[in-house]
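Below is one structure, written out as structure tokens; comments come after it.
The values are calculated or read from the model by the stated rules, or taken from the named source; none is laboratory data. Source: prediction; values computed, not measured. Here the Cβ is made from the backbone with ideal geometry for all residues, glycine too, and neighbour counts use every protein chain on show. Keep in mind that these areas ignore ligands, DNA and RNA; they rest on the heavy atoms of the full protein, side chains included. Shrake-Rupley method; radii C 1.70, N 1.55, O 1.52, S 1.80 Å.
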Amino acid sequence: TTYEHIIVSNPKAGVGLVTVNRPKALNALFSPLIVELNGALKDLDSSKTIGAIVITGNDRAFAAGADIKEMKDLTFSAAYGDDFIENWSDLTVRIKKPIIAAVRGYALGGGCELAMMADILYCSKSATFGQPEIKLGTIPGAGGSQRLTRAIGKSRAMELILTGDTFDGQKAAEWGLASKAFETPQECLDGAIETAEKIASYSKIAVKAAKEVVNKSQDQGIKEGVDFERRVFHSLFGSKDQKIGMAAFAAKEKPKWSDE
Ligand code: HXC
């Protein structure tokens with residue numbers, strides 16, 4: 001299969017590498033890209049030879065968010081009616097093989113959420129994480145409020161989501177969001193591929209079972225939380241401030257909030 005917005009390769013035996021490749025927009029995650037990502041992951045998941053999957057971006061950006069320009073004019077009824085971004089959950093509910101995110105550069109908003117959906121998160125020390133949606137007049141919509149809070153605790157997550165402040169890869173590892181922070185972006189990608197290769201060397205059936213049981217420890221209640229979050233996220237497309245915030249980003253201006 002050939003893709004327009006991602007690259008799928010096989011850097012080591014048993015390892016599927018998916019590289020998000022929309023560099024001009026800092027890998028902003030628009031719908032066609034998510035459709036390709038889901039397709040590629042499903043193919044790798046059903047492959048007889050692949051044992052583990054790595055998702056990465058480039059040195060500058062893992063992904064700088066969902067595509068603000070794509071969603072800036074979205075209405076509440078369209079968001080809710082079509083269950084906007086519900087297919088982002090395919091990654092977590094449909095893929096049975098382990099996924100390692102190798103985060104280099106920006107992982108903001110939906111990019112941070114995508115990274116947190118992975119089974120293992122590796123990053124470079126200089127990576128930049130954050131949930132800056134509040135600056136756009138909205139909130140995380142793809143699990144950020146639930147997974148960040150689970151990973152780093154309520155006070156830190158609340159502070160980050162309410163301020164929109166970012167944090168680096170070193171902090172991500174210190175706080176337990178990432179299991180490793182590497183000195184350089186290249187070491188991060190190499191490290192992720194190496195771990196994937198090791199996982200791929202084991203019994204596929206045992207690996208599948210191990211992933212399933214570890215996830216059991218996380219899943220109680222998280223689906224409800226993510227569904228709830230997505231509904232509230234949809235409802236903000238009915239607010240004036242979401243339109244103001246995202247239009248300001250696209251026009252490179254500072255938003256003037258209406259509080260409506
Ligand atoms: C659309 C984006 C984008 C995004 C960057 N670009 N992020 N386009 N959606 N999320 C585009 C820019 O508009 C610009 O396009 C090009 O990529 C390069 O970005 P610059 O801003 O010029 O780069 P720089 O000055 O280096 O700043 C980098 C940055 C900034 C700090 C990461 O781009 C930024 O703040 N991006 C938005 C981050 C964000 O708010 N993410 C959360 C989105 S909301 P042009 O055409 O001008 O070259 C979200 C909701 C998730 O993710 C909920 C459900 C999934």
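Here are the numbers for this structure:
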| read-out | value |
| --- | --- |
| Tensor-based shape of the range 97-246 (alpha-carbon gyration tensor, a/c under 1.5 rounded, otherwise prolate or oblate) | oblate |
| Environment charge of residue 136, counting only residues whose C-beta is closer than 11 Å and scoring Lys/Arg +1, Asp/Glu -1 | +1 |
| Share, in percent, of DSSP beta bridges within the chain that are antiparallel, nearest 5 | 25 percent |
| Assigned charges on the beta-carbon of Lys, Arg, Asp, Glu; the range 20-145 dipole about Cα centre (debye) | 500 debye |
| Surface share of carbon and sulfur [accessible, 1.4 angstrom probe, percent] for the range 130-260 | 56 percent |
| Accessible area expressed per residue, the range 194-248, with surrounding protein chains retained (probe 1.4 Å, Å²) | 59 Å² |
| Alpha carbon centroid spacing (whole Å) that separates the range 176-211 from the range 1-71 | 17 Å |
| Accessible area of the range 1-68 belonging to carbon and sulfur atoms, whole % at 1.4 Å probe | 54 percent |
| Subset of 12/42; 171/198; 135/171; 24/135; 97/125; 72/171 violating a 29 Å alpha-carbon distance limit | 72/171 |
| Mean accessible surface per residue for the range 35-110, computed with a 1.4 Å probe while every protein chain stays in place, in Å² | 40 Å² |
| Given charges at Cβ of Lys, Arg, Asp, Glu: the range 187-260 dipole, positive-most of 192, 222, 238 | 238 |
| Pairwise FRET efficiency - residue 209 versus residue 4, Cβ, R0 = 45 Å, nearest 0.05 | 0.80 |
| Label-point separation in nm, residue 78 to residue 45, each point 7 Å along Cα→Cβ | 2.8 nm |
| Expected 222 nm ellipticity per residue - DSSP helices of 4 or more, -39500 (n - 2.57), all of the chain, to 500 | -13500 deg cm²/dmol |
| Förster radius 25 Å - calculated FRET efficiency between residue 179 and residue 70 (Cβ-Cβ, nearest 0.05) | 0.20 |
| Set of aspartates and glutamates near residue 252 by C-alpha distance (under 20 Å), chain-local residues within fewer than 8 positions excluded | 67, 70, 73, 133, 165, 241 |
